[in-house]
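Visitor: Take this structure, written in structure tokens, and hold onto it; I'll ask about it next.
The values are calculated or read from the model by the stated rules, or taken from the named source; none is laboratory data. Note that the structure is a prediction, hence the values are computed from the model and not measured. Don't worry about glycine lacking a Cβ; one is built from the backbone with ideal geometry, like all the others, and counts go over all protein chains shown.
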Amino acid sequence: MSERKVAFTREQIAEYAEASGDRNPIHLDDDFARSVGLPGLIAHGMLQMGILATVASQAAGGSDHLRRMSVRFAGMVVPGDTVTFRAEPAGGGKLELTAVNQKGEAVLTKASADYEP
């Protein structure tokens with residue numbers, strides 16, 4: 001099993017926006033995010049998926065063993081949230097992946113990966 005807890009910050013989200021080129025204001029501007037019905041700015045789903053991919057790679061024995069990964073974006077992550085990303089072997093070259101916030105709510109669901117041991 002591999003696990004990582006991440007406390008999301010405004011700075012981290014802004015840095016990811018810059019690095020990825022995804023400068024959608026829902027990720028950078030609280031007022032804009034609230035104007036479209038969000039609680040404030042939210043973290044990128046792909047930022048979360050990237051962190052989970054790192055955890056899955058560790059559980060698989062390295063990124064060269066990871067063959068496929070899929071997730072469903074299921075919940076919003078806001079600055080101050082702490083998300084626990086976990087990958088556990090599920091047999092047959094499969095990993096069960098989870099991403100759960102500090103309230104016990106899944107933020108990524110239907111998450112799985114295939115790997116070659």
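Conditions tested, residue by residue: (1) of a type in the set (Val, Ile, Thr); (2) under 16 Å from Arg86 (Cα atoms).
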{"position": "Arg34", "(1), (2)": "no, no"}
{"position": "Leu41", "(1), (2)": "no, no"}
{"position": "Leu47", "(1), (2)": "no, yes"}
{"position": "Ile51", "(1), (2)": "yes, yes"}
{"position": "Asp64", "(1), (2)": "no, no"}
{"position": "Arg72", "(1), (2)": "no, yes"}
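Visitor: Could I ask something else about it? So Leu97 clears everything in (1) of a type in the set (A, V, I, L, M, F, W, C); (2) touching a residue at least 40 places away in the same chain (Cβ under 8 Å); (3) surrounded by fewer than 19 Cβ atoms within 10 Å (Cβ to Cβ); (4) part of a strand (DSSP E or B) except one condition, right? Which one?
Guide: Of the numbered conditions (1) of a type in the set (A, V, I, L, M, F, W, C); (2) touching a residue at least 40 places away in the same chain (Cβ under 8 Å); (3) surrounded by fewer than 19 Cβ atoms within 10 Å (Cβ to Cβ); (4) part of a strand (DSSP E or B), the odd one out for Leu97 is (3).
Visitor: Same structure again: Looking at Ala17, Ala74, Ala60, which is the one that is over 11 Å from the mean Cα position of the chain (by Cα) and within 30 Å of Lys94 (Cα to Cα)?
Guide: Ala60
Visitor: Also: If Ala17 satisfies all but one of (1) closer than 20 Å to Thr98 by Cα; (2) assigned to a helix (DSSP H, G or I), what's the number of the condition it fails?
Guide: In the conditions (1) closer than 20 Å to Thr98 by Cα; (2) assigned to a helix (DSSP H, G or I), Ala17 misses (1) alone.
Visitor: Here is a check on your reading of the model: is Ile51 in contact with a Phe, Trp or Tyr (Cβ under 9 Å, 6 or more places away or on another chain), of a type in the set (A, V, I, L, M, F, W, C), farther than 23 Å from Lys5 by Cβ and modelled with pLDDT of 95 or more? Working first, answer last.
Guide: Working: in contact with a Phe, Trp or Tyr (Cβ under 9 Å, 6 or more places away or on another chain): yes; of a type in the set (A, V, I, L, M, F, W, C): yes; farther than 23 Å from Lys5 by Cβ: no; modelled with pLDDT of 95 or more: yes.
Criteria not met by Ile51.
Visitor: Based on this model, can you work out whether Ala87 counts as in a helix (DSSP H, G or I), among the small types (Gly, Ala, Ser) and in contact (Cβ under 8 Å) with a residue 24 or more places away in the chain?
Guide: Details: in a helix (DSSP H, G or I): no; among the small types (Gly, Ala, Ser): yes; in contact (Cβ under 8 Å) with a residue 24 or more places away in the chain: yes.
Taking the combined requirement at face value, the residue does not satisfy it.
Visitor: While we're on this one: In region 32-61, which residues are of a type in the set (A, V, I, L, M, F, W, C), touching a residue at least 12 places away in the same chain (Cβ under 8 Å) and farther than 27 Å from Ser112 by Cα?
Guide: Leu38, Leu41 - these are the residues of region 32-61 that are of a type in the set (A, V, I, L, M, F, W, C), touching a residue at least 12 places away in the same chain (Cβ under 8 Å) and farther than 27 Å from Ser112 by Cα.
Visitor: Name the residues in region 46-84 that are in a helix (DSSP H, G or I), in contact with a Leu (Cβ under 8 Å, 6 or more places away or on another chain) and closer than 19 Å to Glu18 by Cβ, would you?
Guide: Gln48, Met49
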